[in-house]
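Peer 1: Quick one: structure below, then a few questions.
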Amino acid sequence: AKLFLDHKTLYYDVDPFLFYVMCEYDERGFHPAGFYSKEKFSDVGYNLACILTFPCYQRKGYGRFLISFSYELSKKEFKVGSPEKPLSDLGYAAYRSYWAYEVLKVLDVCEESELSIMDISKQTSIMADDISGVLQQIGLLKYVHGQYVICMPKDVIQEQLVKFTPTSIMT
């Protein structure tokens, strides 16, 4: 990843990490398209240490697929997670889009009159700080009478869902 991501630190000891490699398959065999790594044991709840889709495989939805896969593993482990910070500009854009879409899906089907950020976190395995950050950015988290409130008019949620719906090959 260091070849493509300037801000990454180079570690020679890979034992503390798990690596998940995604490949494309064709008549010539398997071709690595990207990967992500995560620490085997993270004290701070990171579910992803490094993610990379190789340049020739970008814009196919593979990065979003790998992000989604990391959260699906978190669900299986009954944990909430977040990527290791800081994120690159492209990484932040990919995560913001993923978080917004997943949170909006929960809000869209919600029949409750009250729903907390922790409720959303339990359903998505996305860390509460990431949820509150994305809700603020898309204008659904308001500060009213000394506390934060999720404002979720259905028409606004539907409009935002369309905006953040994946449009690439893999969904």
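Taken together, the values in this text are just the output of simple stated rules run on the coordinates, not laboratory data. Since this is a predicted model, take the numbers as computed values, not measurements. Quick reminder, even Gly has a Cβ in these numbers, built from the backbone with ideal geometry, and neighbours come from all protein chains shown.
Peer 1: Per residue of the chain, what 222 nm ellipticity follows from adding -39500 (n - 2.57) for every DSSP H run with n ≥ 4, rounded to the nearest 500?
Peer 2: On the way: 5 runs with 65 residues, N = 171.
-12000 deg cm²/dmol, from helical runs alone.
Peer 1: Pull up the DSSP beta bridges for the chain and report the antiparallel fraction as a percent, rounded to 5.
Peer 2: So the antiparallel bridges amount to about 85 percent of the total.
Peer 1: Continuing with this model, one more query. Note down the magnitude of the dipole of segment 1-155 about its Cα centre, charges +1 on Lys and Arg C-beta and -1 on Asp and Glu C-beta and zero elsewhere, to the nearest 20 debye. Could you put the intermediate results ahead of the total?
Peer 2: Details: 17 positive and 21 negative charges, 51 e Å.
That gives segment 1-155 a dipole magnitude of about 240 debye.
Peer 1: Taking a ≥ b ≥ c as the square roots of the Cα gyration tensor eigenvalues, with a/c under 1.5 meaning rounded and otherwise prolate when a/b beats b/c, else oblate, which class fits segment 73-171?
Peer 2: rounded
Peer 1: May I ask you to list the aspartates and glutamates whose Cα is less than 18 Å away from that of Lys79, ignoring any residue fewer than eight positions away on the same chain?
Peer 2: Answer for Lys79, where 18 Å is the Cα cut-off: Glu39, Asp43, Glu102, Asp119, Asp129, Asp130, listed by chain and number.
Peer 1: Would you work out which of Val21, Ile126, Gly45 lies farthest towards the positive end of the dipole of the chain? Charges go on Cβ: Lys and Arg +1, Asp and Glu -1.
Peer 2: Val21
Peer 1: Would you list the P(r) distribution for segment 17-58, with all Cα-Cα distances sorted into 10 Å bins from 0 and each bin expressed as a whole %?
Peer 2: Answer for segment 17-58: a P(r) of 29, 41, 23, 7, 0 percent.
Peer 1: Among Lys142, Lys75, Lys60, which one shows the biggest mean-square fluctuation in a GNM of the chain, springs joining Cα atoms closer than 10 Å?
Peer 2: Result: Lys142 has the largest fluctuation of those listed.
Peer 1: Could you grab the Rg to Rh ratio for segment 35-130? Cα atoms only, Kirkwood for Rh. Intermediate results must be reported in sequence, preceding the final value.
Peer 2: Working: Rg = 13.7 Å, Rh = 14.0 Å.
With Rh from the inverse mean 1/r over Cα pairs, Rg/Rh is 0.98.
Peer 1: Based on the Cα atoms of segment 125-171, what semi-axes does the equivalent ellipsoid have, where each is the square root of 5 times one gyration tensor eigenvalue, given in whole Å with the largest first?
Peer 2: On the way: eigenvalues 114, 41, 10 Å².
The equivalent ellipsoid of segment 125-171 has semi-axes of 24, 14, 7 Å.
Peer 1: Let me ask another. Cross-link list Lys76/Lys122; Lys75/Lys142; Lys75/Lys105; Lys76/Lys142; Lys40/Lys76: which exceed 20 angstrom alpha carbon to alpha carbon? Please list the in-between numbers first.
Peer 2: Values: Lys76/Lys122 12 Å; Lys75/Lys142 28 Å; Lys75/Lys105 16 Å; Lys76/Lys142 32 Å; Lys40/Lys76 15 Å.
Too far apart for the 20 Å limit: Lys75/Lys142; Lys76/Lys142.
Peer 1: D for the chain, whole µm²/s, Stokes-Einstein with Kirkwood Rh over alpha-carbon pairs at 37 °C and 0.692 mPa s: what number? Don't skip to the answer; put the middle values down first.
Peer 2: On the way: Rh = 17.3 Å.
Using the Kirkwood radius from Cα pairs, D works out to 189 µm²/s.
Peer 1: Here is a follow-up. So how tilted is helix 62-76 from the main axis of the chain? Cα-based, degrees 0 to 90, rounded to 10.
Peer 2: Value to nearest ten degrees: 70.
Peer 1: So, by mean Cβ neighbours within 10 angstrom, what's the order for 130-139, 104-113 with the highest one leading?
Peer 2: 130-139, 104-113
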